[in-house]
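The structure under discussion appears below in the form of structure tokens.
The values are calculated or read from the model by the stated rules, or taken from the named source; none is laboratory data. Bear in mind that the values here come from a model prediction, so they are computed numbers and not experimental data. Here the Cβ is made from the backbone with ideal geometry for all residues, glycine too, and neighbour counts use every protein chain on show. These accessible areas exclude ligands, DNA and RNA; they are computed on the full protein's heavy atoms, side chains included. Shrake-Rupley method; radii C 1.70, N 1.55, O 1.52, S 1.80 Å.
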Amino acid sequence: MADLHWFPCELHCHTLHSDGDFSVAELLQTAHERLLDGICLTDHNTTAGLAEASCSRAPVVLGGMEWTTYFGHMPVLDCSAYVDWRDASVDGIDEKLRQIHACGGLAGVAHPFQLGTPICTGGYWEYRVRDWSLVDYLEIWSEGSPYLNTSNRRAIALWGSLLDRGYRIAPTFGRDWHRTAGNKLISACTYLGCMGETLTPAGMKTALQSGKTVVSAGPLFYFKTERGETVGDVIPAGRSDWRFVTDCSRVARMQTENTFVPKEIRVYTNGGRMCLCLPAEGERQTATLDLEPAHWYRAELWGETDGQGGCQLAVTAPIYTQHP
Amino acid sequence: MTTVLETELRVLPEQEKTNLILPFTLPFDAQKLQITYTYAPKILDGAPACEKAEACLCRDAGEYRDTYPEAADYLPLKNLITLSLDAPDGYRGCAHRQAPQQIHILTENTASPGFLPGKMQKGAWRLMLHVHALVTDFCVCHVKIEAQEAENG
Ligand SMILES: [Zn+2]
Ligand SMILES: [Zn+2]
């Protein structure tokens, strides 16, 4: 069986087809320079850039459109038919999400706590989602400073509360990439876990659907159980031996000015309770956890960014335990 | 070129977060469609803008207001009224960007950024204006749509 590989991707990009400064070619070139294997093209309310972008191989491109509405921004990926963004209402979003899924699409929530109208029009998420199982992913980190920013902290808290309610939502990073000017932490990305050694748009989609995502300021960080289960999987409760992998090789190859020093590996579970904390030492580490039924467990890498301590460096999607 | 729609709308703050629908008819199959769109004023500055920005900060940042910059840092505020287009056979895209003066040209094989090229059949079309933000007392939008008939149409 093919192995799972982790591919650095940027899931939130704009071009001249909406309000980005990039031509499609410039976006692809810059993504390539930043060692991104895949991007989602998510121009505001249009898929017009996809005709040019879809033949790209490095990076590969998953097509989409950021629904840029009056009550929230919602990236919709790989939807086989146009679903109208223009009549979405605060209490009618579930129906739109069902239509998107009926067309094979995925939907995420972008920057839920961005300031809204008139500063960033519609940027604050006001939709009253009744059934969060209709939301495939949530941008827990937006733009480039994932660890020191009120709106990202609020997004992580929202995500945690949804996990506590039993929803399985993949966390993502979205640079909301419009231009290269002003980019912070250029190595930040979402790592997508896909089978095989070559990333494909279909593989990106499957990774998001199956919760195989790691949000990172740069380093790749994930875990596997002794039985080979990993991020996004549903596993039996009980004793579980985990192997953590911390891999800074992409950051090193990027020659970014940012420095990341891993200090701690933490595992969090329901209620935001930390159930494991060990010093980060080297690329591979092991620990034994006693997993409760019907819980979620996510791993986080903490450490220094540019000499400043107490920073989240990476957050994995959870692994989930079966109900008793 | 035949003018198939020309209209001026005075948009008010109450119309923020609504769509203004402008239906038009293409009397023939077209080889080219040109949309000329302008709106003014674009910006609001000074004390009234500061007040609106502060209200937005208080509403959306809530208890975290103090972690954000001063309201003045968000000025000037901008009106944002974007435009989308529907052909008889479906959605043809949108120009979601700040420019208050825009020209969009569509043909069967090419289209201005944000729009999808394709056949331009005669029949019922629709242009929509999306009032994302209206921060001034009013805003005047001017839309003109011209079409060129296909040669073998
Ligand atoms: Zn957005
Ligand atoms: Zn965006």
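Between the Cα long axis of helix A:24-33 and the first principal axis of chain A there is an angle of about 20°, rounded to the nearest 10. Per-residue ellipticity at 222 nm from helix content only, as computed over chain A with -39500 (n - 2.57) for each DSSP H run of at least four residues, stands at -4500 deg cm²/dmol. Got a sec? Which residues in the range A:58-89 would a label at A:A102 touch, if it sits 7 Å along Cα→Cβ and we count backbone N under 17 Å? Taking a point 7 Å out along Cα→Cβ of A:A102, the residues of the range A:58-89 whose backbone N falls under 17 Å are A:79-89.
For the residues of A:57-69, the average number of beta carbons from a partner chain within 10 Å of their own beta carbon is 1. Can you give the relative contact order of the range A:1-216 as a percent, counting alpha carbon pairs under 8 Å and 6+ residues apart? For the range A:1-216, the relative contact order is 23 percent.
Within 10 Å of the Cβ of each residue in A:117-128, the mean number of Cβ atoms contributed by other protein chains is 6.
Chain A packed on chain B takes about 2700 Å² of accessible surface away from a 1.4 Å probe, both sides summed.
Taking 30 Å as the limit for the C-alpha separation, the pairs A:K184/B:K144; B:K17/B:K144; B:K32/B:K78; A:K96/B:K119; A:K212/A:K263 exceed it in the case of A:K184/B:K144; B:K32/B:K78.
The mean number of Cβ atoms from other chains found within 10 Å of a Cβ in peptide B:88-96 is 6, as a whole number. Here, the range A:1-216 has an Rg and a Dmax of 15.8, 52 Å when only alpha carbons are counted. Ordering A:H101, B:H132 by accessible surface, largest first, gives A:H101, B:H132; the 1.4 Å probe counts only protein heavy atoms, with every chain in place.
Per residue, the protein assembly as shown exposes an accessible area of 40 Å² to a 1.4 Å probe, with every protein chain left in place. Among A:44-53, A:290-299, sorting by the average number of other beta carbon atoms lying within 10 angstrom of each residue, highest first, gives A:44-53, A:290-299.
Restricting the range A:250-307 to GluC sites (Glu not before Pro) that sit in a DSSP loop and have at most 16 other Cβ atoms within 10 Å of their own Cβ leaves A:E257, A:E281, A:E283. The trypsin sites (Lys or Arg not before Pro) of the range B:79-153 meeting both criteria, a DSSP state outside H, G, I, E and B (loop) and at most 16 other C-beta atoms within 10 angstrom of the site's C-beta, are B:K119, B:K122. The residues B:D137, A:D19, B:D60, sorted by heavy-atom accessible surface at 1.4 Å with ligands and nucleic acids left out, run B:D137, A:D19, B:D60 from largest to smallest.
Counting charges near B:C141 (Lys, Arg +1; Asp, Glu -1) among other residues having Cβ under 10 Å from its Cβ returns a value of 0. Contact order, relative form, for chain B: 49 percent (alpha carbon pairs under 8 Å, 6 or more residues apart, mean separation divided by residue count). Taken as Cα centroids, the range A:234-304 and the range A:26-56 sit 31 Å apart, rounded to the nearest whole angstrom.
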